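Data block below; observations after.
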Amino acid sequence: MTEAVENQVEEQAQPEEKLVTLTIDNIEVSVPEGTVLVDAAKKIGVDIPVFCYHPKMEPVGMCRMCLVEVGRPVFDRATGEPVLEEDGSPKIQFGPKLDTGCTVEVSEGMVVRGYTEEVVDARKEVLEFLLTSHPLDCPICDKGGECPLQNLTMRYGPGTSRFIFDEKHHAAKHVPLGEIIYLDRERCIQCARCTRFQDEVVDDPVIGFSQRGRSLEIVTFSDPGFDSYWSGNTTDICPVGALTTADFRFGARPWELKASASVCNHCPVGCNTTVNTRREAKSGGELVIKRMMPRQNEYINEIWMCDKGRFAHHYTQSEERLTQPMVRNEVGELEATSWEAALDLVAEEFKAASDGLVTLAGARLSNEDLFNIQQVTEKLGGKALQNTHMAGGELVASVGVGQGSNLSDLGEGDAILVVASDLEEEAPLYWLRIKQASERGATLVVANPRDTKLSSKANYELRYSYGEEAAAVMALLGSISPKTPGESEAVKKLSRGQEVKDAATAISEANNLVVLYGNEGTGLATSQSLADACANLLVATGHVGKANNGLIAVWDKGNTQGAYDMGLVPSEDLAADLMSAKAAYIVAADPAGDDATLAEAIKAVEEDAEKFLVVQELFLTESAKLADVVLPVQANTERQGTYTNAERRVQIFYPAVPAPVNVHADYAVAANIAERLDLKLQKVIPAQVMAQIAETVSDYAEVSYTKMAEVEEQWPIISSEDVFYGGTSYENEQGMGQQLQPASQGGESPALSFAQVADAPKVDGLLAVPVTRLYDRGSTVVPTELLSERLTPTSVVLSPDDAEKLSIEPDAEVTVKLNGTETKAQARIEAGVPQGYVLVPRSVGIALNSPSPVEIKA
């Protein structure tokens with residue numbers, strides 16, 4: 001962090017917290033007022049054992065494992081002065097009973113004793129009572145090796161039991177709370193961590209307690225069972241082996257697992273993860289991925305991850321993976337060939353195409369991949385395109401959140417605007433962190449045509465029609481700055497609402513403002529207008545160029561911002577660009593499989609003898625089936641690289657399993673093509689590619705693998721040494737990344753841009769609008785059988801009124817005619833959908849990139 005940025009962060013810092021000094025086990029410590037004893041002890045390395053307490057949740061004092069002796073200074077009632085002992089030290093009076101360290105807050109002069117005979121006996125008794133109803137199945141329990149109950153029993157518990165084995169309480173052992181999470185009711189110690197997490201942390205109270213006494217048990221209230229995007233986190237924080245995931249239970253012991261740091265690429269948050277692997281006989285002695293775990297990064301995902309990031313990794317070891325290059329032979333069939341032959345042919349055809357080369361790259365690629373691919377395309381004068389329908393990457397680079405930002409810092413006095421985004425579906429961790437900021441007192445403004453899960457947390461909720469996304473933001477700006485030129489009818493209409501005026505006042509008066517825009521109902525053109533409007537609002541209110549202020553694009557893919565930074569831009573007419581190409585280089589994208597119109601464009605390239613199609617992929621996609629050359633590549637679990645998340649934090653992911661023998665990383669493939677075009681690019685070590693990026697891309701000038709690998713002290717302290725405290729999330733020892741500085745923070749003054757904002761499109765009949773669902777049917781999700789029942793079906797969503805007019809019943813099969821293509825789909829009916837609109841989930845079988853007229857027939 002530069003000195004200027006440090007000064008900006010200091011200027012914004014909240015008033016210093018009042019510190020309280022106390023003594024714990026003869027060690028003096030000063031901690032902020034309001035800290036509970038368990039946390040205060042943790043800061044000086046003193047363990048107060050817990051089961052029900054978790055530093056990310058409110059204390060409840062249920063398990064009693066944290067009992068300690070607490071003494072407080074005695075004060076003279078007459079004078080208010082402290083009473084002193086003969087040696088001059090304050091007189092301390094201890095309570096008649098032990099206190100729970102998780103619920104008692106620190107006070108000045110307090111003395112805490114955690115290892116007296118009374119405390120030691122109490123801990124033994126708590127453990128003895130827990131074990132009366134706990135099975136002795138540690139040798140076969142999935143939690144063995146990382147089990148808080150096992151560890152604390154060995155450390156604090158009695159060596160023998162006074163209870164007869166036959167008197168133990170027995171309960172059901174393999175209870176599916178859903179198809180993802182299994183419950184062993186016999187192991188459950190009723191600490192309520194799981195139910196409180198679902199209720200307090202993620203606002204999904206789909207599990208809870210039923211019955212009483214020894215019959216108390218966890219049950220699910222939802223259909224399907226445990227219907228939550230966050231269910232896997234409960235297995236991390238469960239202090240026993242009661243909750244396990246279906247894909248890991250009985251699969252391995254924790255001490256057998258190798259851990260490799262990685263970064264999730266399913267959405268733009270960039271959650272830090274750990275890949276656990278093990279060699280298995282059934283896999284021929286090969287390393288296989290056993291589970292994906294969260295890795296602590298308090299700037300990004302804290303210690304949590306969504307179930308898509310946790311479970312949708314099976315594609316990386318799918319048997320359908322490509323393992324050798326292929327070329328189309330004389331009879332029109334793809335056949336295996338050598339890398340040398342394939343690369344020679346690709347380079348020859350690319351050279352012949354010259355500026356007729358069109359490259360289309362997807363954002364599952366790393367920055368190193370995207371850079372080398374862009375450099376190859378630029379060398380020949382071709383077009384370097386990225387596969388996205390969201391605009392605004394250059395604006396994020398200009399007025400994105402400032403270096404030093406952390407959404408956890410937002411609270412009272414700050415404001416957040418979320419527009420055109422169903423945030424939990426598009427980027428679950430952003431939803432969680434924005435929800436938490438709202439609960440800390442930040443003013444939350446949600447602008448959307450319909451209710452989303454975030455709506456319940458909003459201080460102000462703004463409604464607009466699909467197509468009026470930019471108009472809604474400009475209406476806010478117009479309420480702050482009445483001289484805004486060129487107002488459309490939509491802007492004028494929205495500006496009249498009192499809710500808009502009140503929200504605008506809150507935004508203009510906020511100490512810090514973060515604006516997040518998504519892709520709910522937008523196409524490329526409307527996304528650009530929306531990004532422009534959001535940037536205007538930030539600039540006009542002075543909320544740019546400093547930490548905890550700026551623009552966040554909730555991108556449709558994991559490394560879209562990285563693709564923008566590397567110089568790849570979206571196409572305004574991709575079908576036309578592909579049709580006009582002399583050679584097409586498609587990497588990590590499947591236009592033929594995504595859209596019938598694009599499939600026709602790809603077929604035109606394939607059928608024209610004068611044109612050439614190269615597809616570089618993990619699988620034999622629909623586009624790959626049409627290619628002249630197919631180049632197999634490595635998955636991100638098999639190699640190293642970096643991603644840039646939506647807050648422009650660049651992070652390293654590391655290899656976890658060996659790659660197939662004849663498969664290379666995307667950046668290496670592109671570098672080998674470049675070598676044949678007399679262009680030298682790094683192809684062996686990704687850190688060297690990043691060094692080239694730093695020399696070429698100014699925003700990345702300070703970025704290096706060394707700096708990205710640096711770590712800092714985080715709170716809460718997460719460690720394998722004390723899984724009873726924070727759970728089994730992994731400590732971050734491999735790097736927290738580097739956040740880039742936006743141009744506005746570097747001294748550039750962004751200008752306001754008042755382009756004409758369009759009104760909502762008017763159509764006769766229904767208008768289809770694209771929306772995002774977390775569990776889509778993308779090629780990286782479908783191979784995970786565990787999620788198959790949760791995947792969004794090929795479907796459309798209508799309002800009850802529209803469904804009634806069309807005589808459509810819930811879940812009925814309908815025919816959807818969209819852009820000249822008819823598709824069979826399931827009709828879903830939801831009360832929150834605005835009348836006249838049909839929601840079409842992306843990547844589930846119906847191609848829709850921007851709002852379009854649609855016909856629905858029962």
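The values are calculated or read from the model by the stated rules, or taken from the named source; none is laboratory data. Bear in mind that the values here come from a model prediction, so they are computed numbers and not experimental data. Positions of Cβ are generated from backbone atoms using ideal geometry, with glycine treated the same way; all protein chains shown enter the neighbour counts. Surface accessibility is based on the protein's heavy atoms, side chains included, excluding ligands, DNA and RNA. Shrake-Rupley method; radii C 1.70, N 1.55, O 1.52, S 1.80 Å.
Multiplying the residue separation of Leu84 and Asp577 by 0.36 nm and subtracting their alpha-carbon distance yields 169.0 nm.
Taking the DSSP bridge list for the chain and keeping only pairs wholly inside it, about 55 percent are antiparallel.
Measure nothing fancy, just the Cα-based angle from helix 524-540's long axis to the longest principal axis of the chain, in degrees from 0 to 90, nearest 10. The helix 524-540 is inclined about 50 degrees to the chain. Computed on protein heavy atoms with a 1.4 Å probe, the accessible areas place Arg777, Arg212 in the order Arg212, Arg777, largest first. Based on the reciprocal of the average 1/r between different C-alpha atoms, the Kirkwood radius for the range 217-316 equals 14.7 Å. Helix 3-12 and the longest principal axis of the Cα set of the chain meet at an angle near 60°. The charge dipole of the chain, taken about its Cα centre with unit charges on the Cβ of Lys, Arg, Asp and Glu (plus for the first two, minus for the last two), comes to roughly 1140 debye. By the rule of a C-alpha distance below 26 Å, with chain neighbours fewer than 8 residues away ignored, the lysines paired with Lys582 are Lys351, Lys379, Lys383, Lys603, Lys611, Lys625, Lys680. For the chain, the carbon plus sulfur part of the accessible surface works out to 47%, probe radius 1.4 Å.
Charge dipole of the range 302-411 (Cα centre as origin; +1 on each Lys and Arg Cβ, -1 on each Asp and Glu Cβ, all else neutral): 340 debye, rounded to the nearest 20. Could you work out the local net charge near Lys91, counting Lys and Arg as +1, Asp and Glu as -1, over the other residues with Cβ closer than 14 Å to its Cβ? The answer is -3.
Think of a 1.4 Å ball rolled over the protein heavy atoms: the chain then has 40 Å² of accessible area per residue. Dividing the helix sum by the residues of the chain, where each DSSP H run of 4 or more adds -39500 (n - 2.57), gives a mean residue ellipticity at 222 nm of -7500 deg cm²/dmol. Counting only protein heavy atoms and using a 1.4 Å probe, the accessible area of Glu217 comes to about 50 Å².
Qualifying GluC sites (Glu not before Pro) in the range 605-664, where qualification requires a DSSP coil assignment and no more than 12 other C-beta atoms within 10 Å, comprise Glu610.
A simple spin-label model places the labels of Val60 and Glu830 3.0 nm from each other, with each point 7 Å out along Cα-to-Cβ. Name the residue from Pro660, Thr728, Val446 whose Cα lies farthest towards the positive end of the charge dipole of the chain, charges +1 on Cβ of Lys and Arg and -1 on Cβ of Asp and Glu. Sorting the options by dipole projection puts first Thr728. Among Asp25, Asp355, Asp573, Asp764, the sequence by solvent-accessible area, most first, with a 1.4 Å probe is Asp764, Asp355, Asp573, Asp25. Applying 0.36 nm per residue to the separation of Arg440 and Leu786 and subtracting their alpha-carbon distance, the gain on full extension is 121.0 nm. Taken along the Cα-to-beta-carbon direction at a fixed 7 Å, the label points for Glu125 and Glu855 span 7.8 nm. For the range 60-146, chymotrypsin sites (Phe, Trp or Tyr not before Pro) are listed when DSSP marks them as loop and at most 16 other Cβ atoms sit within 10 Å of their Cβ; the list is Tyr115.
Each residue was assigned an accessible area with a 1.4 Å probe, and for Leu131 the value is about 50 Å². Fully extending the segment from Ser354 to Phe250, taken as 0.36 nm per residue of separation minus the present Cα-Cα distance, adds 31.9 nm. Spin-label model, Val569 to Ala609: label points 7 Å out along the Cα-to-beta-carbon direction sit 3.6 nm apart. Using a cutoff of 8 angstrom between alpha carbon atoms and counting only pairs six or more residues apart, the relative contact order for the range 126-245 works out to 29 percent. For the range 117-181, GluC sites (Glu not before Pro) are listed when DSSP marks them as loop and at most 16 other Cβ atoms sit within 10 Å of their Cβ; the list is Glu179. Between Lys168 and Leu806, how high is the FRET efficiency from 1/(1 + (r/R0)^6) when r is the Cβ-Cβ distance and R₀ = 51 Å? Nearest 0.05. So the FRET efficiency works out to roughly 0.30.
For the range 672-712, what's the relative contact order in percent, using C-alpha pairs closer than 8 Å and at least 6 residues apart? Here the relative contact order equals 23 percent. Ranking of Ser753, Ser580 by solvent-accessible surface, largest first: Ser580, Ser753 (1.4 Å probe, protein heavy atoms only, all chains present). In this structure, the pairs whose alpha-carbon distance is over 32 Å, taken from Lys42/Lys91; Lys546/Lys707; Lys56/Lys290; Lys435/Lys492; Lys168/Lys435; Lys43/Lys97, are Lys168/Lys435. Axis of helix 428-439 versus longest Cα principal axis of the chain: the two differ by about 50°, to the nearest ten degrees. Working note: Karplus 6.51/-1.76/1.60 with θ = phi - 60° gives the range 193-205 the couplings 4, 5, 5, 5, 4, 5, 7, 7, 7, 10, 6, 10, x Hz, where Gly and Pro are set to x. In straight-distance terms, cross-link reach from Lys493 covers every one of the lysines whose alpha-carbon lies under 27 Å from its own, apart from those fewer than eight places away in the same chain; here that gives Lys453, Lys457, Lys483, Lys501, Lys762. Run the numbers on the chain and let me know its relative contact order in percent, using alpha-carbon pairs under 8 Å that are six or more apart. Reported relative contact order: 13 percent. Taken as Cα centroids, the range 709-772 and the range 559-590 sit 24 Å apart, rounded to the nearest whole angstrom.
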